[in-house]
Amino acid sequence: MKINKNKVIEKVVEGALFMSASLSVFVTLGIIIVLLFETIEFFKEVSIIEFLTDRQWTPLFMNKHFGILPLLNATILTSLISMIVAISFGLTIAVYISEYIKPEKRMIIKPVMEILAVVPTVVYGYFALLFVTPILRKIFPDISTFNALSPGIVMGFMIIPIIATMSDDAMQAVPKWLREGGYALGANKFQVTTGVVIPSALSGIMASFILGISRAIGETMIVTIAAGQMSNLTFNILEPMETITAYIVQVSLGDTPAGTIEFKTIFAAGMTLFVLTFILNVFSYMLKSKFRERYR
Amino acid sequence: MENNIRIEAREFNAYYDKKCALKDINFKIFSNKITAIIGPSGCGKSTFLRSLNRMNDLIENFNVKGELLIDNENIYDKDVDVIFLRKRVGMVFQKPNPFPKSIFGNIAYGLRIHKMFKNYDDLYMKVENSLKEAALWDEVKDDLNKSAFDLSGGQQQRLCIARAIVINPEIILMDEPTSSLDPTSTAKIEELIRKLKEHYTIVIVTHNMQQAARVSDYSAFFMQGELIEYDETTKIFTAPSNKLTEEYITGRFG
Amino acid sequence: MKEKKLINKIRDNFFPVAGLLATIISLGILFVLIIDVLKDGYMRLNLQFLTNYPSRIPEKAGILSAWVGTLWIMVLTALFIFPVGVASGIYLEEYAKPGKMKDFLEINISNLAGVPSIIYGLLGLQIFVYFFKLDRSVLAGALTLSLVVLPIVIVATRESLKAVPLSLREASFALGANKLQTILFQVLPSAFSGILSGVILSMSRAIGETAPLITIGALTYIAFLPAGPFTTEFPFITLQGLKDYFTVLPIQVFNWVSRPQKGFHSDAAAGIIILLIISLFINFMAIYLRIKFEKYMRRK
């Protein structure tokens, strides 16, 4: 009798744990349903052709245009700038701490590096707008107060730890015998690093790049504060421009009643953002699993 | 025969996935005796031991065929309660694995999960008795609240023995219990094992043949999943009837 | 021959020099950032800054409503994610059998961890604010943030459980303990500091999150506090505050940064100093617990 009671309790507990774990599935479903629902509503009023090809995004003006291109362009430009910074610094740091310094030092540098990712993004926004942009103005006198370059650079620093940490993990996973094989052929350390270690860890390193891009695309506050809230289709990174995320914030700050076309636009923009990051995340996940399998 | 059969394997087979780990084992283990299982590594001796308290159930894709009887009851029958089985069949592991708790807490754990005490005094008394039985009481009686990790390796292993016997098992399985210990600690544990057979049936896996010769009454030699020879220890070590046993015991392989 | 030597020298020293430089610059940026906000904001740091509501006059503005709101949101978020996150972690690590279902749950959680936080804001807006009619309340905010950081807690819980050695579980099972007893009395206590470190880490992420809360409509200017949880009447506790409007520190900072007046920028910098102190402190606490946990595990 007592034994039975215990078994029942075990089953109940397992059921409760399973419910908790499946909550995450409902969250994903919730995101997709919410985004899809309002996006479909949006496309009842705006043609998908206009959304993809119109060169202006002005849903909040009298003369409304619904072309996602200016927002997408700004999102991609700021992300690219940040990736230039994050990859060049992050990968160099990763090689350095993985191959060139003692493990004890590595164990100190890594968590300290992580602080860069802990700093709240509003703080970076403040820094980009009020510190980095004024400095950039000394180099580019015609840079606007709001521009893509400054938040791009600052965002890059925020992403360095992701790339440095993940790439370092990938290089650490490269087995010792592969390195020794290189040395046995008379290669020096630089040659082993660039010719053996980095190529062997490449899919892991690429996974970190892609995750970094995804993070940059989804980043909100830095670009909202320092790149401006005026949609602008341009490749001039010294000009103000509005990213997808910044637009969502801009609308949210105002009092936009549910059901209006303005309200629906943030979900269409959000859907675009979600699809972009989802593809990148899945890609990164696949690269990472592939890498893990190879060196198991 | 004067001996009571405690454990009996009948055509017992064990598989990991499809791979056969134990082949047609027929084996009788007697009450209140110490039975040593010896053999080269990978011979199935640990698999057999861990089948006796169904610890192998924790491994995915582990299957058995045939019968494994304890007191004439097949422990792999569907309606056998594994919890109750493990309470009757205690186990001591290769490396001492005390819980990250106090010395007292380590021993009391089994009593607590099986609700085997009436009140605190009873709990304390049972803990004390088991520590005495495991010859550890004099060394730790003033430090019962200290972490079990503060004990030496040999003391930890005796603590694990005390932890196993406090819930009154009938059988104690020992999986190379001294392999991580120094000679002095090993001697103490061996002495303890010999004393424990008064109350318990003991099955011990060891790769140390002198140990098997020193402590056991019966010895079973396993090789490649098969029981090659099983007899009184004195016979196995002086006049083995199987050539493989002889070669193993004289150190020609293994 | 000599020329070749020079090239070799440059090559051999490329990564050590560039790597050191990159490390120094990255951490230098952090240093410069801290100096910059200290320089801009130190003069606003006084008691009034903590006890005043925001104001039209920069010198009189304070962060009272912001830090109280942050406190509310943090406490509630921790309360939500701890049970759910730990339970999910336990299920995936201890109960889920390898197979399609487990793979699916795993991929799903790893994907959720990569969803931009502002998307969670859109989810919270539709589900919590409109569907469950929670309005832009403290409760809606805390629930939204909980979803943002939940994957962090789940992953940290799993890592900590994974670190608990098999020998400990075996010892418990061998004594006839069932799975639940083994997890409850042996595995969880051993993994506890690791799990706690994960929960705290997720807090350090949550405290800086701005976008999802703006998206659900948290106000940027607010001059009152949510009703306190304690009352003088029976039962001395009220949940009234859960339904009140709120703002949080990073939103307040954002509001001040967005204004053209220099005076508000100083307020923003002062707010940032407070925010940085709290989030770095929380983060160090998480790291400390992590290190403690790893040491403890090595002892086994």
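Before moving on, here are some points about what is shown:
- Enumeration of residues in segment C:287-300 that are facing another protein chain (nearest Cβ under 9 Å) and in contact (Cβ under 8 Å) with a residue 40 or more places away in the chain: C:Ile287, C:Arg290, C:Tyr296, C:Lys300
- Here A:Pro199 qualifies as free of Cβ contacts under 8 Å to residues at least 60 places away in the same chain and assigned by TED's automatic domain parsing to the domain that holds A:Thr121.
So that you can scan it fast, the table gives a plain yes or no per residue for (1) at the interface with chain C (Cβ under 9 Å from one of its Cβ atoms); (2) small (Gly, Ala, Ser); (3) more than 27 Å from A:Ile225 (Cβ to Cβ):
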site	(1), (2), (3)
A:Val249	yes, no, no
A:Pro257	no, no, no
A:Ile261	no, no, no
A:Lys264	no, no, no
A:Val275	no, no, no
A:Leu280	yes, no, no
A:Tyr285	yes, no, yes
A:Lys290	no, no, yes
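- Residue within segment C:100-110 that is in contact with a Leu (Cβ under 6 Å, 6 or more places away or on another chain), within 13 Å of chain A (Cβ to nearest Cβ) and among the β-branched types (Val, Ile, Thr) present: no
- Qualifying residue in segment B:108-116 (condition: closer than 17 Å to C:Thr182 by Cβ, assigned to a loop (DSSP other than H, G, I, E, B) and either touching a residue at least 60 places away in the same chain (Cβ under 8 Å) or of a type outside the set (A, V, I, L, M, F, W, C) (or both)): yes
- Check on B:Val203, under 12 Å from the mean Cα position of the chain (by Cα) and hydrophobic (A, V, I, L, M, F, W, C): yes
- Residue-level analysis places C:Lys102 among those that are at pLDDT below 95 and not in a loop (DSSP other than H, G, I, E, B).
- With respect to (1) within 13 Å of another protein chain (Cβ to nearest Cβ); (2) within 24 Å of the chain's Cα centre (by Cα); (3) not aromatic (Phe, Trp, Tyr), the lone exception for B:Ser152 is condition (1).
- Selection within segment A:238-279 - of a type in the set (Val, Ile, Thr), crowded, with 24+ Cβ neighbours inside 10 Å and in a loop (DSSP other than H, G, I, E, B): A:Thr243
- Unique match (being away from chain C (no Cβ under 14 Å), surrounded by 17 or more Cβ atoms within 10 Å (Cβ to Cβ) and farther than 28 Å from B:His207 by Cβ) among B:Leu136, B:Leu111, B:Leu144, B:Leu68: B:Leu144
- All positions within segment C:69-95 that are over 30 Å from C:Pro229 (Cβ atoms) and surrounded by fewer than 19 Cβ atoms within 10 Å (Cβ to Cβ): C:Tyr95
- Segment B:73-95, subset facing chain C (nearest Cβ under 9 Å) and assigned to a loop (DSSP other than H, G, I, E, B), residue farthest from the chain's Cα centre (by Cα): B:Lys95
- Residues of segment A:93-121 that are farther than 15 Å from A:Phe157 by Cβ, of a type in the set (Ser, Thr, Tyr) and either within 23 Å of the chain's Cα centre (by Cα) or more than 7 Å from every other protein chain (Cβ to nearest Cβ) (or both): A:Ser98 alone.
- A:Thr165 meets the conditions (1) within 18 Å of A:Ile84 (Cα to Cα); (2) surrounded by 22 or more Cβ atoms within 10 Å (Cβ to Cβ) in every case but one. The failed one is (2).
- Checking each residue in segment A:122-144 for being surrounded by 14 or more Cβ atoms within 10 Å (Cβ to Cβ) and either more than 10 Å from every other protein chain (Cβ to nearest Cβ) or touching a Ser or Thr at 6+ places or on another chain (Cβ under 8 Å) (or both) picks out A:Val122, A:Gly125, A:Ala128, A:Leu129, A:Val132, A:Thr133, A:Leu136, A:Arg137, A:Ile143, A:Ser144.
- Residue within segment A:41-61 that is away from every other protein chain (no Cβ under 14 Å) and closer than 30 Å to A:Ile108 by Cα present: no
- Test: residue in segment A:71-84 that is surrounded by fewer than 24 Cβ atoms within 10 Å (Cβ to Cβ) and within 14 Å of another protein chain (Cβ to nearest Cβ): yes
- Taking the criterion of being in a loop (DSSP other than H, G, I, E, B), more than 10 Å from chain C (Cβ to nearest Cβ) and buried (at least 24 other Cβ atoms within 10 Å of the Cβ), the residues of segment A:210-237 that qualify are A:Ala227, A:Gly228, A:Ser231.
- Every residue from segment C:133-180 that is buried (at least 22 other Cβ atoms within 10 Å of the Cβ) and of a type outside the set (A, V, I, L, M, F, W, C): C:Ser137, C:Gly141, C:Thr144, C:Ser146, C:Pro151, C:Thr157, C:Arg158, C:Ser160, C:Ser172, C:Gly176
- Test: residue in segment C:10-18 that is of a type outside the set (Ser, Thr, Tyr), part of a helix (DSSP H, G or I), surrounded by fewer than 21 Cβ atoms within 10 Å (Cβ to Cβ) and away from every other protein chain (no Cβ under 12 Å): no
- Qualifying residue in segment B:171-185 (condition: of a type in the set (S, T, N, Q), over 18 Å from the mean Cα position of the chain (by Cα) and either modelled with pLDDT of 90 or more or closer than 25 Å to B:Lys23 by Cβ (or both)): yes
- Of all residues making up segment A:280-292, the number that are touching a residue at least 24 places away in the same chain (Cβ under 8 Å) and either within 15 Å of C:Val115 (Cβ to Cβ) or crowded, with 16+ Cβ neighbours inside 10 Å (or both): 8
- Strands (runs of 3 or more DSSP E) within segment B:173-237 that include 2 or more residues surrounded by fewer than 19 Cβ atoms within 10 Å (Cβ to Cβ): B:226-232
- No other residue among A:Phe51, A:Phe127 is in the same structural domain as A:Leu202 (by TED's automatic domain parsing), aromatic (Phe, Trp, Tyr) and part of a helix (DSSP H, G or I) apart from A:Phe127.
The values are calculated or read from the model by the stated rules, or taken from the named source; none is laboratory data. Predicted, not measured: the structure shown is a model, and the values here were computed from it. Note: ideal-geometry Cβ built from the backbone for every residue, glycine included; neighbour counts use all protein chains shown.
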